[in-house]
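Below is one structure, written out as structure tokens; the observations come after it.
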Amino acid sequence: MSSPTDRPAPVARAVPRVLSIAGTDPTGGAGIQADLKSIAANGGYGMAVVTALVAQNTHGVRSVHTPPPEFLREQLDAVSDDVVIDAVKIGMLGEAVTVAVVRGWLDTVRPPIVVLDPVMVSTSGHRLLAADAEDAVRRLVPFADLVTPNLPELAVLVGAPLAPDWATALEQARRLSADTGAIVLAKGGHLEGALSPDALVDASGRVAAGLFESTGERVATVNTHGTGCSLSSALATRQAQTLDWVRSLTLSKHWLLDSLRHADALEVGTGRGPISHLHALWSVAAQNSPAPPDQKAPRPLW
Ligand SMILES: Nc1ncnc2c1ncn2[C@@H]1O[C@H](COP(=O)(O)OP(=O)(O)OP(=O)(O)O)[C@@H](O)[C@H]1O
Ligand SMILES: Cc1ncc(COP(=O)(O)O)c(N)n1
């Protein structure tokens, strides 16, 4: 088995080919559906391999169907046998066997950029990773360049209690980075307060001498479904364009905040709705729309 770091160096690409390996959300707010919109909004070509079919909406998860592991590998190979992959984003994995298949594929294909969003529990409180698969995800972290845990996920990954404040979260992130070699994006979406802090933490000091904090305003909205999925996909895309994690986080957060500010206008569902991934594209489309046809003008018969 080759080492996780034994991979080709990434090459910057204007429109990178980005693969999301994740679960589904039929309402389009989280999982693969959100990832594809996020990749497109950030300038990438999105591709998707499904780890789990999730019956969910803006209120919560109803049930999960996991395709056979052999079929997951078939999907992964179908993409990588044909397409040069510039970056991979990994989201919901669900079961230990799924983690094992993805890990085996990563070891064979060795994509140049890997972002791991260690999805464990949905915001609505439904488990999206079996408890007996947490260890497998922990062991997957060294295969990622960047891992993007929220605070509960960070605590599980380092085997510690939930961080009560941002300073403790940064310390846990530093430990995770030191233990795994991955850069850690600690996310403060679950904290209270006027700001929503995030930080790139790199125990080896390659990124911004070890710590880069990006503290944005907390947008007053309940429509935050899929923010973690969307941010990790944006980061994979931006990193494949810029090869610079600090710049990637700055660009991704700028876009995410704007998408949160436009979220309420979407009116999708009656629970915790999605962010507005494509708001910038839609405002351009609206400006370019032709004037409505004049209904009163006589229409030629032939
Ligand atoms: N209301 C908000 N206003 C601004 N930024 C937010 C808000 N909620 C979350 N964020 C940002 O969204 C990103 C995801 O953060 P969060 O900690 O919620 O991750 P998550 O729990 O993995 O996301 P998800 O809700 O998709 O599971 C972070 O950059 C966080 O700062
Ligand atoms: C397929 C999939 N992946 C991730 C999430 C987490 O998103 P959230 O915490 O906003 O529910 C989700 N609900 N579904």
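The values are calculated or read from the model by the stated rules, or taken from the named source; none is laboratory data. In this text, all values refer to a predicted model and were calculated from it rather than measured experimentally. In this analysis, Cβ positions are derived from the backbone assuming ideal geometry, glycine residues included, and neighbour counts consider all displayed protein chains.
Scanning the stretch 98-132 for residues that are assigned to a helix (DSSP H, G or I) and more than 15 Å from ALA182 (Cβ to Cβ) yields a count of 12.
In summary, VAL101 fulfils each of the numbered conditions (1) over 22 Å from GLY60 (Cα atoms); (2) touching a strand residue (DSSP E or B) at 6+ places or on another chain (Cβ under 6 Å) with the single exception of condition (2).
I'm trying to understand the selection: among the residues of the stretch 249-273, which are more than 20 Å from SER214 (Cα to Cα) and more than 10 Å from ligand 1 (Cβ to nearest atom)? It would help to see each step written out before you state the result.
Keep residues of the stretch 249-273 that are more than 20 Å from SER214 (Cα to Cα), which gives 262-273.
Once the filter is applied, which keeps residues that are more than 20 Å from SER214 (Cα to Cα) and more than 10 Å from ligand 1 (Cβ to nearest atom), the stretch 249-273 yields HIS262, ASP264, ALA265, LEU266, GLU267, VAL268, GLY269, THR270, GLY271, GLY273.
Of the set (1) under 20 Å from PRO112 (Cβ atoms); (2) of a type in the set (D, E, K, R); (3) crowded, with 22+ Cβ neighbours inside 10 Å, all apply to LYS37 but (1). Among the residues of the stretch 203-260, those that are within 19 Å of LYS89 (Cβ to Cβ), of a type in the set (Val, Ile, Thr) and part of a loop (DSSP other than H, G, I, E, B) comprise VAL207, THR224.
For LEU36, state whether it is under 26 Å from SER252 (Cα atoms), in a strand (DSSP E or B) and either within 13 Å of the chain's Cα centre (by Cα) or touching a residue at least 60 places away in the same chain (Cβ under 8 Å) (or both). The answer is no for LEU36. For beta carbons closer than 7 Å, sequence separation of 6+ or different chains, a first residue in the stretch 205-227 that is at positive phi and of a type in the set (A, V, I, L, M) and a second that is surrounded by fewer than 14 Cβ atoms within 10 Å (Cβ to Cβ) and at pLDDT 90 or above, the qualifying pairs are ALA208/VAL246.
Surrounded by fewer than 16 Cβ atoms within 10 Å (Cβ to Cβ) and out of contact with any Asp or Glu (no Cβ under 8 Å at 6 or more places or on another chain), is that true of SER80? It is false that SER80 is surrounded by fewer than 16 Cβ atoms within 10 Å (Cβ to Cβ) and out of contact with any Asp or Glu (no Cβ under 8 Å at 6 or more places or on another chain). Of the residues making up the stretch 52-75, those that are touching a strand residue (DSSP E or B) at 6+ places or on another chain (Cβ under 6 Å), of a type in the set (S, T, N, Q) and not in a loop (DSSP other than H, G, I, E, B) are SER63, GLN75.
Can you find a residue that is more than 15 Å from the chain's Cα centre (by Cα), surrounded by fewer than 24 Cβ atoms within 10 Å (Cβ to Cβ), within 16 Å of ligand 2 (Cβ to nearest atom) and not polar (S, T, N, Q) anywhere in the stretch 222-239?
There is at least one residue in the stretch 222-239 that is more than 15 Å from the chain's Cα centre (by Cα), surrounded by fewer than 24 Cβ atoms within 10 Å (Cβ to Cβ), within 16 Å of ligand 2 (Cβ to nearest atom) and not polar (S, T, N, Q).
With respect to being more than 18 Å from VAL156 (Cβ to Cβ) and of a type in the set (A, V, I, L, M), VAL137 falls outside the description. Restricting attention to the stretch 199-207, does a residue exist that is modelled with pLDDT of 95 or more, within 17 Å of the chain's Cα centre (by Cα), away from ligand 2 (no atom under 16 Å from the Cβ) and not polar (S, T, N, Q)? Yes, because at least one residue in the stretch 199-207 is modelled with pLDDT of 95 or more, within 17 Å of the chain's Cα centre (by Cα), away from ligand 2 (no atom under 16 Å from the Cβ) and not polar (S, T, N, Q). For the stretch 61-74, check the following and say yes or no: at least one residue is under 28 Å from PRO8 (Cβ atoms), buried (at least 21 other Cβ atoms within 10 Å of the Cβ) and more than 16 Å from ligand 1 (Cβ to nearest atom). So far as the stretch 61-74 goes, yes, one or more of its residues are under 28 Å from PRO8 (Cβ atoms), buried (at least 21 other Cβ atoms within 10 Å of the Cβ) and more than 16 Å from ligand 1 (Cβ to nearest atom). Exactly one residue out of THR148, THR168, THR108 is away from ligand 2 (no atom under 15 Å from the Cβ), among the hydroxyl-bearing types (Ser, Thr, Tyr) and closer than 20 Å to ARG7 by Cβ: that is THR108. The residues on offer are LEU266, LEU176, LEU260, LEU243, and the sole one that is farther than 14 Å from VAL147 by Cα and either among the charged types (D, E, K, R) or away from ligand 2 (no atom under 16 Å from the Cβ) (or both) is LEU243.
Inspection of the stretch 141-150 finds no residue satisfying the criterion of being surrounded by fewer than 18 Cβ atoms within 10 Å (Cβ to Cβ) and part of a loop (DSSP other than H, G, I, E, B).
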